[in-house]
Structure formats: C-alpha cells, structure tokens
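I have placed the structure first, in the form of structure tokens, so that the comments after it can refer back to it.
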C-alpha cells in the first residue's frame, strides 16, 4: 500500500502555495525538522520565522503578520498548539477575526516516545469551543494537501491536526475535499464507524473487515472536519444502521464522540451509540502500536466493542 508522510504533504503544499502567493509565511517554534518545513525555509528564507521555543509568542507574531496582510501558517506539537497557545490563539487570532492557520502535529498516541506531557488527548475539545474556528484532521496525504490549500484560500482561523508519520493513501488523485464535508469510505447496514484522522480511519476499516468475517456489515464514515461537522452525512449514515460508533485518537469527552452524540440526541435517531477513544486518562511513553492497543484504539478492540453493542 502506497504511503506518504503527512508532514511532507503539508510542507510540499506550502512550498507550492508560496510560489504563487508571496503573502504565505511559515512560523515554527524550533520544530522545523520535526514538521518538515525546512524545505519552505530553503525556498523562501525571508518568509520563514523560527520564533524558538516560545509557542504562545509565535501566535502573537502570526496574528501581527495577519494584521499586516500576510497568511501565516504556524506549527508546533498539538499539545503546545492547544494547551500552551490557547489564550493567544483565542484572543489575538480568533476574537480579533484574523487569518491565522494553526497546525498541531503528533496528535494523541502518535506522540509516542515524547510521552505523556507531549500527548494531546484534549486539543480537539479545546479548539472546538472557539467560535467560528474550523477544526479538521486529514486522513491521508491528498486530504492534507487539499486542506492546506483551502486554509490558505479562505479568510479566517483554522486548526488542522496532523500526524507526522507516513500514512496510507485512501483517496484517488481526482477526489475533491472541502471543510465541513465527510466522506463515506464504506457503506454498512449493521453498524457505522464514524472516525477522525488517519490512525482511527484505518483502524476502523480494519475493524470493518474483521466484522465482515462474522457476517456483520460495518460502514466507515471519514469525518474529516470536526467543526463544522457534516451533520447531513452523520445523520444519513446513522439512519442506515442499527448502531453508531465514534472512533477518535482523543478523549471521548469534548471531541468527536461528543459532537456525534449531540447530533444524534437532537435528531430522531433511535439506534445504539458508543464512543471509542481515550477513557479519561493521561498519556504515557511507548511505541505507537503499544499505545494504540493499551488505550483500546486497535481494530480488534473496536470490532469487539461494536459487536457487543449490537448484541
């Protein structure tokens, strides 16, 4: 299966955008090697700013650049992009109605060896409550590139959560994506996995395959944008199955599970529902495979919980 690093898709797209638009600027908090944006620095050194290990200040600088007519993309680990930058991003960028694009890398268990302090299980919950903010998590390299292009083209703040490591391609070259629109990867009639991000979408697809061996027809909806969530797609897929399962690399409170639960509770949905995600725990050091299994985010656990929900 063909794969590509999402950070490469991010950085390459920025370089291409930078060639067309001189207002594109990139900010880093001394993590350009981790994010992959050294290529942008090499191409446009006068439009690259390394603020050092000063993430909150980075948002202030990005906001000032936006005020001056630039289109700033500011990146750091998702734990810092959310917890450390929250007040500055809320007030200086969003409340001020500016045009800052914030990129949070290594979300959830993908932080792996960086450990519990660097493992954001709460960033989506924090970002989701900021008024008018677009919150998205691409599931493959093509989605990532499309979301970066769209973020640059629209005026307003955006938070994009991306894993850095290589992930499989899920979509063809001619597929179109837009913020606020989900994609049905597999139609089901028994249960629908509503998943966010490459890790959880791929584990959900594997879980659907496991359930198929037992005669259970599971569908997979790639949510793509947490806010605004695709209400029509969520309710349409929910109406076609007996049970809905949200799957996220994040706390089950405040993120995807909460967003789907809110939609279902306020609709005429009468089926069963379960949230799969981090169960009110902190992160820890480990390989990604270990952490996925430890927190019950693996395909086998997802399939087992869906089967139990169906009864």
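The values are calculated or read from the model by the stated rules, or taken from the named source; none is laboratory data. None of the values given here were measured: they were computed from a predicted structure. Glycine also receives a Cβ, built like all others from the backbone with ideal geometry; neighbour counts cover every protein chain displayed.
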Note to self: Among the residues in the range 19-34, are any assigned to a helix (DSSP H, G or I) and modelled with pLDDT of 95 or more?
What the structure shows: yes
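Do you know which of the residues in the range 191-219 that are surrounded by fewer than 24 Cβ atoms within 10 Å (Cβ to Cβ) and over 20 Å from residue 289 (Cβ atoms) is nearest to the chain's Cα centre (by Cα)? Walk me through it before giving the result.
Just the residues of the range 191-219 that are surrounded by fewer than 24 Cβ atoms within 10 Å (Cβ to Cβ), to begin with: 202, 205-206, 209-217, 219.
Still in the running and over 20 Å from residue 289 (Cβ atoms): 211-217, 219.
Details: 211: 26, 212: 27, 213: 30, 214: 31, 215: 31, 216: 28, 217: 26, 219: 20 Å.
Across the range 191-219, the extreme among qualifying residues is 219.
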Next item on the list: Take residue 104 and decide whether it is at pLDDT 95 or above, more than 19 Å from the chain's Cα centre (by Cα) and at negative phi.
Entry: no
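Could you please give the count of residues in the range 146-158 that are under 20 Å from residue 16 (Cα atoms) and under 16 Å from the mean Cα position of the chain (by Cα)? Even if it seems obvious, please write down each step before you answer.
Taking the range 146-158 as the starting set, the residues that turn out to be under 20 Å from residue 16 (Cα atoms) are 146-155, 158.
Checking the rest, the ones that are also under 16 Å from the mean Cα position of the chain (by Cα) come to 146-151, 158.
Here the count works out to 7.
Answer with yes or no whether residue 14 is surrounded by 24 or more Cβ atoms within 10 Å (Cβ to Cβ) and outside any loop (DSSP other than H, G, I, E, B).
Details: surrounded by 24 or more Cβ atoms within 10 Å (Cβ to Cβ): yes; outside any loop (DSSP other than H, G, I, E, B): yes.
It is true that residue 14 is surrounded by 24 or more Cβ atoms within 10 Å (Cβ to Cβ) and outside any loop (DSSP other than H, G, I, E, B).
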Next item on the list: Select the strands (runs of 3 or more DSSP E) contained entirely in the range 210-311, then report the ones holding at least 3 residues which are touching a helix residue (DSSP H, G or I) at 6+ places or on another chain (Cβ under 8 Å).
Entry: 218-222, 243-251, 272-278
Margin query: Being closer than 26 Å to residue 121 by Cβ and in the same structural domain as residue 116 (by TED's automatic domain parsing) is the requirement here; does residue 85 meet it?
Written below: yes
Checklist line | Selection count, the range 263-289, where residues are over 19 Å from the mean Cα position of the chain (by Cα), surrounded by 13 or more Cβ atoms within 10 Å (Cβ to Cβ) and without any contact (Cβ under 8 Å) to a residue 60 or more places away in the chain | finding: 8
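Within the range 120-129, is even one residue under 24 Å from residue 24 (Cα atoms) and in a loop (DSSP other than H, G, I, E, B)?
Taking the range 120-129 and keeping what is under 24 Å from residue 24 (Cα atoms), we get 127.
Remaining after also requiring in a loop (DSSP other than H, G, I, E, B): none.
So far as the range 120-129 goes, no, none of its residues is under 24 Å from residue 24 (Cα atoms) and in a loop (DSSP other than H, G, I, E, B).
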Note to self: Can you confirm whether residue 62 is outside the structural domain of residue 283 (by TED's automatic domain parsing), without any contact (Cβ under 8 Å) to a residue 60 or more places away in the chain, surrounded by 17 or more Cβ atoms within 10 Å (Cβ to Cβ) and in a strand (DSSP E or B)?
What the structure shows: no
Check: When the range 65-81 is examined, which residues are found to be touching a strand residue (DSSP E or B) at 6+ places or on another chain (Cβ under 8 Å) and either touching a residue at least 60 places away in the same chain (Cβ under 8 Å) or not in a helix (DSSP H, G or I) (or both)?
Finding: 70, 71, 72, 73, 74, 75, 76, 77, 78, 81
